[in-house]
Every structure is written in structure tokens, then in C-alpha cells.
1. Can you tally the net charge around Leu54? Count Lys and Arg as +1, Asp and Glu as -1, for every other residue whose Cβ sits under 10 Å from the Cβ of Leu54.
2. Solvent-accessible area per residue for the chain at a 1.4 Å probe radius, Å²?
3. Describe numerically, in nm with one decimal, the distance between label points set 7 Å from Cα along Cα→Cβ at Thr43 and at Arg20.
4. All other residues with a Cβ under 14 Å from the Cβ of Ser21 taken together, and with Lys, Arg as +1 and Asp, Glu as -1, what is their net charge?
5. Within the accessible area of the chain, what % is carbon and sulfur when the probe is 1.4 Å and the other protein chains stay in place?
6. Using a 10 Å cut-off on Cβ atoms, rank the peptides 98-105, 23-30 from the highest mean neighbour count down.
7. What dipole magnitude, in Debye to the nearest 20, does segment 2-135 give about its Cα centre under +1 on Lys/Arg Cβ and -1 on Asp/Glu Cβ?
8. Add -39500 (n - 2.57) for each DSSP H run of 4 or more in the chain, then divide by its residues: what number comes out at 222 nm, to the nearest 500 deg cm²/dmol?
Amino acid sequence: MTILVTDSGFHTEERAWDFRSPDQLPVGQTGLAVELASDADPTTLSDHLQTIDLIRVNFPEFADGRGFTIARVLRLMGYSGRIRASGHVIADQYAMARRAGFDEVEIDDEIAARQPEEQWLRRANWKSHDYQALLRA
């Protein structure tokens, strides 16, 4: 089972998504969900951003930070839908994930057991601990 982590804690998925790779996107269909590998080029989605509801970015290991760049590039491209980090993301990375542009993190039961909801919630106030915002103030 997978668990979704948001600023309000642990949740379960409410919808069964049919995740597709970027090269399997049908023209003209809306409500799409896309799965991106950590080494994917997010600009390949530029012609489809208006038809995609959810983009899931895979983190193969917690030390692989390329997914943060993918989320940031997607937001800079104007994507306003949901971006989900999936895989080996730990609670300590939650604030960074949110700042990069992710809306949620998908974890498995093993990570949830090692890092319970309270650990994620401690990082849910990610806007308050943004040193760059403090410097600009």
C-alpha cells in the first residue's frame, strides 16, 4: 500500500490513476497522469501540460536529487497541476520537496513505519523555515 504525505499528514489515494510514460500521451485526451524517471527531461511534456492532472516523479534513492530539479522546471514551465514525489523520499526532504514544487510525496509502508506521520508533520510548516524568504524580509 502507498501513503500520500501532504502538509496535513498521511492520506490514501482516492483515485486509481493510469500512469503513462511521456511517449504514451494521447493527443487531445485530458485528465492524464504521467510517470517521470529521475533522469527524464521534463521539457518533453511542454505540449501536454494543459492535459495532465498529475505528474509523478520517481526517486530511485534518497540521495538522488534530480527529481527536485524536474519539479522546479515543471513549475517554471507553467505547470499548475499536481506533482508527486514517489519512491525513496524521507521526511527530512519534505520541506525541500515542497519548495521545489511538489504537492505531495508518495511513500510505502516501510518508510511510513520508519518515519511516522509526526516526523513528516514537523516539516509541514515548510514556508516558515525558508531561509531565503527570511533574508528577503
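1. Neighbour charge sum, excluding Leu54 itself: 0.
2. Working: 7660 Å² over 137 residues.
About 56 Å² of surface per residue is accessible.
3. 2.3
4. -3
5. 49
6. On the way: 98-105: 21.0, 23-30: 9.4.
The most tightly packed comes first, giving 98-105, 23-30.
7. So the magnitude is around 520 debye.
8. Numbers: 5 runs with 35 residues, N = 137.
My calculation for the chain gives -6500 deg cm²/dmol from helical runs alone.
The values are calculated or read from the model by the stated rules, or taken from the named source; none is laboratory data. On a predicted model such as this, the values are computed, not experimentally measured, just so you know. Ideal geometry is used to build each Cβ from the backbone, glycine not excepted, and the neighbour counts take in all protein chains shown. Note: areas computed on protein heavy atoms with side chains; ligands, DNA, RNA excluded. Shrake-Rupley method; radii C 1.70, N 1.55, O 1.52, S 1.80 Å.
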